[in-house]
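The block underneath contains the structure these notes are about, expressed in structure tokens.
Laboratory data are not the source of any read-out in this text; all were calculated from the coordinates shown. Model, not experiment: these values are computed from the prediction. For neighbour counting, all protein chains shown are included, and Cβ atoms are generated from backbone atoms with ideal geometry for every residue, glycine included.
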Ligand code: 5GP
């Protein structure tokens, strides 16, 4: 995986406002926040996307994500938030190192979502389900 700005943050070569750290996980404030408290939770493992993450790093993030979300909510007074992971440039990923955004919704500030929903057709659903279950 190519070196990213987050590799440098993990190594302490670039400063950040750390809110949580353990052996496998680092969480820090986003430098261009969508709302106050916008936090990034990243694995220390070098992986670009969620599907490339080891089970160990995934478990480590899963263990602390709710705790960090609670702390962000308490600190900001927000009562709603989004957890977002962009995977791949076409899906708006700019930094190619896995990161979970915790984005408080505070009035109009926070994540804006375009959600153009389709309709799941029964025939298509069955084929998709089979393909995914086979891949798993
Ligand atoms: P993405 O679009 O890849 O999901 O989001 C990358 C995020 O990383 C953006 O929200 C951006 O503001 C944040 N970011 C980029 N560079 C830095 C940095 O050097 N420090 C911090 N704290 N956040 C950064």
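Assuming residue 46 fulfils every condition listed in (1) part of a loop (DSSP other than H, G, I, E, B); (2) within 13 Å of the ligand (Cβ to nearest atom) apart from one, which condition is it?
Failing condition for residue 46: (2).
Only residues that are on the phi > 0 side of the Ramachandran plot and free of Cβ contacts under 8 Å to residues at least 60 places away in the same chain: list them for the range 68-110, please.
77, 88, 92, 107
Just to check your reading of the model, which residue among 90, 56, 124, 108 is farther than 18 Å from residue 28 by Cα and within 13 Å of the ligand (Cβ to nearest atom)?
Checking each option against the conditions leaves just 90.
Looking at this structure, is residue 82 within 13 Å of the ligand (Cβ to nearest atom) and not in a loop (DSSP other than H, G, I, E, B)?
yes
Can you tell me how many residues within the range 99-114 are over 13 Å from the mean Cα position of the chain (by Cα), in a loop (DSSP other than H, G, I, E, B) and buried (at least 16 other Cβ atoms within 10 Å of the Cβ)?
1
For the range 14-33, enumerate the residues that are part of a loop (DSSP other than H, G, I, E, B) and away from the ligand (no atom under 11 Å from the Cβ).
Within the range 14-33, 22, 23, 24 qualify.
For the structure I just gave you, tell me whether residue 37 is crowded, with 16+ Cβ neighbours inside 10 Å, touching a strand residue (DSSP E or B) at 6+ places or on another chain (Cβ under 6 Å) and more than 24 Å from residue 10 (Cα to Cα).
Working: crowded, with 16+ Cβ neighbours inside 10 Å: yes; touching a strand residue (DSSP E or B) at 6+ places or on another chain (Cβ under 6 Å): yes; more than 24 Å from residue 10 (Cα to Cα): no.
In short, no.
Report the residue count in the range 69-81 for those that are surrounded by 16 or more Cβ atoms within 10 Å (Cβ to Cβ) and touching a strand residue (DSSP E or B) at 6+ places or on another chain (Cβ under 6 Å).
5
Do any residues in the range 1-25 that are under 19 Å from residue 47 (Cα atoms) have Cβ atoms under 6 Å from those of residues that are away from the ligand (no atom under 11 Å from the Cβ) and assigned to a loop (DSSP other than H, G, I, E, B), where the two are at least six apart or on different chains, and which pairs are they?
From residues that are under 19 Å from residue 47 (Cα atoms), the pairs are 1/46; 10/44; 24/44.
Do we find that residue 36 is more than 10 Å from the ligand (Cβ to nearest atom), under 16 Å from residue 4 (Cβ atoms) and touching a residue at least 40 places away in the same chain (Cβ under 8 Å) in this structure?
Numbers: more than 10 Å from the ligand (Cβ to nearest atom): yes; under 16 Å from residue 4 (Cβ atoms): no; touching a residue at least 40 places away in the same chain (Cβ under 8 Å): yes.
Here the answer is no, as residue 36 does not meet what is asked.
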